[in-house]
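The values are calculated or read from the model by the stated rules, or taken from the named source; none is laboratory data. Bear in mind that the values here come from a model prediction, so they are computed numbers and not experimental data. Positions of Cβ are generated from backbone atoms using ideal geometry, with glycine treated the same way; all protein chains shown enter the neighbour counts.
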Amino acid sequence: MPKITDSKLLSPDLMAQLERLELVTRKIFRGRLKGERRSKRKGQSVEFADFRNYVAGDDLRTLDWNLYARLDKLIIKLFLEEEDLHFYTLIDASGSMDFGTPTKLTYAKQLAASLGFVGLIRADRVCIETLGQGPHQRGPTLRGRRSVWRMLEHLDTIQAGEITNLAEGVRNFASRNSGRGIVILVSDLMDKEGYEPALRFLASQQMDTFVIHVLSQEELEPDVTGDLKLLDCEDGDEAEITVSVPLLSRYQETLNAFVGGAQQFCSQRGMNYLLANNQTPVGELISTYLRQRGLVR
Amino acid sequence: MIALAQVVDSLFRNTLAPWQWAIMAVIPPAIIALYFLKLKRNPLEVPSTYLWKKSIEDLHVNSLWQRMRKNILLLLQLLLLALIAWALLRPGWQGTQLAGQRFIFVIDNSASMQATDVPGAENRLAVAKQQATALIDQMDSGMTGMIISFANTPRVIQEFTDNRRLLKDRVETIEPTFAQTKLKGALELADGLANPGRITVQQEGIEVDVVEAQEATLFIFSDGRFEDVKGFSLGNLKPVYVPIGTHSADNLAITSFATRRNEARPEEQQAFVQITNFTNQPHEVVVELSLNGQFLDARGVEVDAGQTTGLVYPLADTSTGTLRASLSYELANEQKQDALPLDDHAYAALNDANPGRVLFVSPGNPALHSALATQRSGRLASFELKEPGFLDTDRYQQLAQTGEYGLVIFDQCVPRKMPRANTLFIGRIPPDRSWQEAQMGETDETAENEPQPSVTGRHVSVPTIIDWNRAHPLMAHVELGNVVIIDSTVITPPAGGDILIDSTAGPLAAIAPRDQFQDAVLGFELVGRNEQEETTINTNWPRMHSFPTFWFNAIEYLAGASGTEGTESVPPGKPVELKATGNPAQLTIQTPAGKKQTIRHSTHDVFLFHDTRQLGIYKVSDGNQVTQQFAVNLFDRNESDIRVTPSQDSTAGKLAADIHIGNVDIAAMTGITTSRKELWRPILIAALIVLLVEWYVYNRRVHL
């Protein structure tokens, strides 16, 4: 059995850094299993919540015998229930993600692994899926620290080149997972039909949604010269360009409009947006940017 | 239209053949076509063309105008091509097209050409070389050129060739000399080389040139500091005088430097320095004198503009060595010194006294013989006693004319011709013309005869000596108080002579210079002969103490044995005759630069040394011993006066005065020789810069 630390996705340093973190959600959701998370529900934990009168059927174990002795009334103690959290990571594994150094997909996987690791060690339910999965192809749901290596194994199976469009992938995901929790979409949002339908669909879910927009350095600051015939790796589309300063500045404007539009779209719909450059180390991205956005603490 | 064509012709020189231009013309359309055809676009796979498509939608990069405007690479390449084409046209201006087929460049490399009064060049010679090179550059193929340098002698630097590179290289080899300027030799050389085939053959009484004489243009690069050339016909040479230098060149020079005996104290040597001011202002100068490198004396004097001043330095008991005089002063110009430093130093050599050789020609004079036979006299000179008959022998003629003797004493006899030596005549008038004429003036009234080969002079009996020239070295310490003379001739010295002994009847002894020699005459015989051929006593002087003293003086002063003797200065480039005692097989001469040369003697026991090109002291040694020295100095007013003679013709801005060759006046070329200013080098450099910019733009995408 390979050790956890063997994986390229999670280095020991990164894991040590991540150990201290936990996933946060602004919404308190009901979990299915008892976890480490405070719930709206009262339950069994060590944390006192309230008193109430005993009614028939209550668990006698929760009676406060001291009060009964003093007041001669049956009063039971209520404790806060601690629950687990559903944490979904949705990775875009389309062909366009297979660019950059490291590739955007690798970066996405690393990010998913890191956040998944945080979730696993905090006893949250972690589920990593791709946009290319069909409506009934569920990904494994993992829980507990022991599942880290399984998560990594699963991540290894994800390969670039899935042919899908963004909106359909999100729709399939929503149909598979109707529950609540945190969902993180890791994608370059490069869809010729636009990212808006997909994000709109995601926003309609009752989930705490994060959109992590991964772009490679080559896309942010293209280093190209001369007369080129650009080939789209996904649909084979061609674009002939002659690189010039006006063209490059125009490209930057387009890129800024693209990124800015996505950010605005997300914030208007209560989603968190984060632009990630593939040159930014994952540890730094999580401990700095995602912490600022309130995904982890 | 024709004028325009001429202008275009003068601005451009075609370097390519029509078909080559045709190829050139095809290149720009080819470049543009390549740009529009875009034969090759590099494919590049990108994650998505999504953003690019959106970007290029606005830019319309495919439109013609956009492509032209944005594509600086194309413009740069076209510019590069245009520059190359322009360079190939060899644009230029001010080109004076050389007319003719043959050119002779005569370049003056005399001492005055070392003047540094020319701005932007080392000296005048450098300017001359530059201008000659500029003219050579203008030569077209098929034109031939020849280079001659001249100072006192001409030298063919390069014979006729059409190889411009060779000509230019050879021009650079011309070295400055210290010699004087003599143009005629160069002209004759040019004439001889330019028209080698001027052979005429007589055919039926008509002279026909076998080879048709070809015209040649003769460029004379000089500062014009030379005498007019007389007796030369230019013939087919078309002279062009290119004056080099400026009118305002300031120079002060030592124009003479010699050692000589002090007039008052003959035992003392004096150094005499002559300074000439060739500037337009008076200047304070200091002349330092050093002996064998040791400082001896320094004196200051003010020299007026254009004037010459002398300075005299006493040289106490200095016997041998080398004297050097250095002129120092400050001019008001930038360098604080004059434009020709080489004449600010002068050299003189002090040589060991050689024992003089004295010939004593007498029919018999025991008194004198014993007076000359003293030990002290023997140290000063070696004596030869001969009978008057010896004067007719060839041996005497040869010795006398080669200057072998320091002094010849003629007792009661007269040579037919004055020897090349100092002479002392006893009782006879020298046969020299000046003496004869002086006696004629004296005897005109008494003896009314026409000039005769030998004048006897006016005879007087028992003259009483009343005075003698005590200041003259001959008469030093000579006391003639009780001397009685029975019979004497009154001596009248020629102009420049001194009376030595004066009497109641007139001068009895005199001395006068003749060229570089001195002739002393005693009017009275010491011993004479009467008609019976018996020896008679004419004076009681031989019995006096003063008699041997006088003869000692005579030997010391006239036999050239009076201590140190300065030698004449030799002009640079002039051969020197060297005499050596002991008839050695060879002499070694050390030049001022330290180079040693060995010369073998030529005829008449005379050594000829030619290599006197450097200024300074030359040391002559026989074996290991330095036997004599001589100095080479410029001492030439024409060379030292480096101001270019301004033209009398004030119009047309003429720089220098005309020079005269034969009967032809050659006007100075107005302005400097304008050479064709070629632009192709800067254009090619610009093209290179464009190429670099293009490379940079291509690599760094710097778009303007």
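Laid out as a table, the results:
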| read-out | value |
| --- | --- |
| Residue among A:Leu111, A:Leu115, A:Leu142 that is surrounded by 20 or more Cβ atoms within 10 Å (Cβ to Cβ), part of a strand (DSSP E or B) and of a type outside the set (Lys, Arg) | A:Leu142 |
| Qualifying residue in region B:143-162 (condition: surrounded by fewer than 12 Cβ atoms within 10 Å (Cβ to Cβ) and either under 29 Å from the mean Cα position of the chain (by Cα) or modelled with pLDDT of 75 or more (or both)) | no |
| Every residue from region B:311-323 that is within 27 Å of the chain's Cα centre (by Cα) and loosely packed, with under 13 Cβ neighbours inside 10 Å | B:Val312 |
| Top-ranked residue of region A:193-216 - restricted to ones that are within 20 Å of A:Leu295 (Cα to Cα) and part of a loop (DSSP other than H, G, I, E, B), ranked as farthest from the other protein chains (Cβ to nearest Cβ) | A:Gln206 |
| All positions within region A:265-275 that are of a type outside the set (Phe, Trp, Tyr) and either farther than 25 Å from A:Gln206 by Cβ or outside any strand (DSSP E or B) (or both) | A:Cys266, A:Ser267, A:Gln268, A:Arg269, A:Gly270, A:Met271, A:Leu275 |
| Selection status of A:Ala239, within 14 Å of chain B (Cβ to nearest Cβ) and free of Cβ contacts under 8 Å to residues at least 12 places away in the same chain | yes |
| Counted residues, region B:233-244 - those being closer than 12 Å to B:Ala190 by Cβ and in contact with a Lys or Arg (Cβ under 6 Å, 6 or more places away or on another chain) | 0 |
| B:Thr598 of a type outside the set (D, E, K, R), within 21 Å of B:Ala179 (Cα to Cα) and modelled with pLDDT of 75 or more | no |
| Top-ranked residue of region B:233-265 - restricted to ones that are outside any loop (DSSP other than H, G, I, E, B), among the aliphatic types (A, V, I, L, M) and out of contact with any helix residue (DSSP H, G or I) (no Cβ under 9 Å at 6 or more places or on another chain), ranked as modelled with the highest pLDDT | B:Val240 |
| Residue that is surrounded by the fewest Cβ atoms within 10 Å (Cβ to Cβ), among those in region B:502-514 that are part of a strand (DSSP E or B) and touching a strand residue (DSSP E or B) at 6+ places or on another chain (Cβ under 7 Å) | B:Asp502 |
| Residues located in region A:85-108, provided they are within 13 Å of chain B (Cβ to nearest Cβ), surrounded by fewer than 23 Cβ atoms within 10 Å (Cβ to Cβ) and among the hydroxyl-bearing types (Ser, Thr, Tyr) | A:Thr101, A:Thr103 |
| Pairs, first touching a residue at least 12 places away in the same chain (Cβ under 8 Å) in region A:159-175, second aromatic (Phe, Trp, Tyr) and surrounded by 21 or more Cβ atoms within 10 Å (Cβ to Cβ), C-beta under 8 Å, six or more apart | A:Leu166/A:Tyr195; A:Phe173/A:Tyr88 |
| Verdict on B:Ala132 being assigned to a helix (DSSP H, G or I), within 29 Å of B:Lys230 (Cα to Cα) and either among the basic types (Lys, Arg) or out of contact with any Cys (no Cβ under 9 Å at 6 or more places or on another chain) (or both) | yes |
| Among residues of region A:243-297, those that are within 14 Å of chain B (Cβ to nearest Cβ) and basic (Lys, Arg), counted | 1 |
| Conditions (1) away from chain B (no Cβ under 12 Å); (2) crowded, with 20+ Cβ neighbours inside 10 Å; (3) over 24 Å from A:Gly119 (Cα atoms): number failed by A:Met190 | (1) |
| Output for region B:615-630, where each listed residue is at pLDDT below 85 and in contact with a Pro (Cβ under 7 Å, 6 or more places away or on another chain) | B:Asp622 |
| B:Glu448 being part of a loop (DSSP other than H, G, I, E, B) and either at pLDDT 85 or above or farther than 13 Å from B:Leu359 by Cα (or both) | yes |
| Residues that are touching a Pro at 6+ places or on another chain (Cβ under 8 Å) and either more than 21 Å from B:Asp611 (Cβ to Cβ) or of a type in the set (Gly, Ala, Ser) (or both), drawn from region B:173-186 | B:Ala179, B:Gly185, B:Ala186 |
| Condition check for A:Glu219: within 11 Å of chain B (Cβ to nearest Cβ) and part of a helix (DSSP H, G or I) | yes |
| Single residue of region B:345-366 satisfying the filter (in a strand (DSSP E or B) and touching a helix residue (DSSP H, G or I) at 6+ places or on another chain (Cβ under 7 Å)) that is modelled with the lowest pLDDT | B:Gly356 |
| A:Leu23 closer than 30 Å to A:Val183 by Cα, touching a Phe, Trp or Tyr at 6+ places or on another chain (Cβ under 9 Å) and at pLDDT 75 or above | yes |
| Unmet requirement for B:Tyr35, which otherwise passes all of (1) within 11 Å of chain A (Cβ to nearest Cβ); (2) surrounded by fewer than 12 Cβ atoms within 10 Å (Cβ to Cβ); (3) of a type in the set (Phe, Trp, Tyr) | (2) |
| Members of region B:482-501 found to be crowded, with 18+ Cβ neighbours inside 10 Å, of a type outside the set (S, T, N, Q) and part of a strand (DSSP E or B), listed by number | B:Ile485, B:Val490, B:Asp498, B:Ile499, B:Leu500, B:Ile501 |
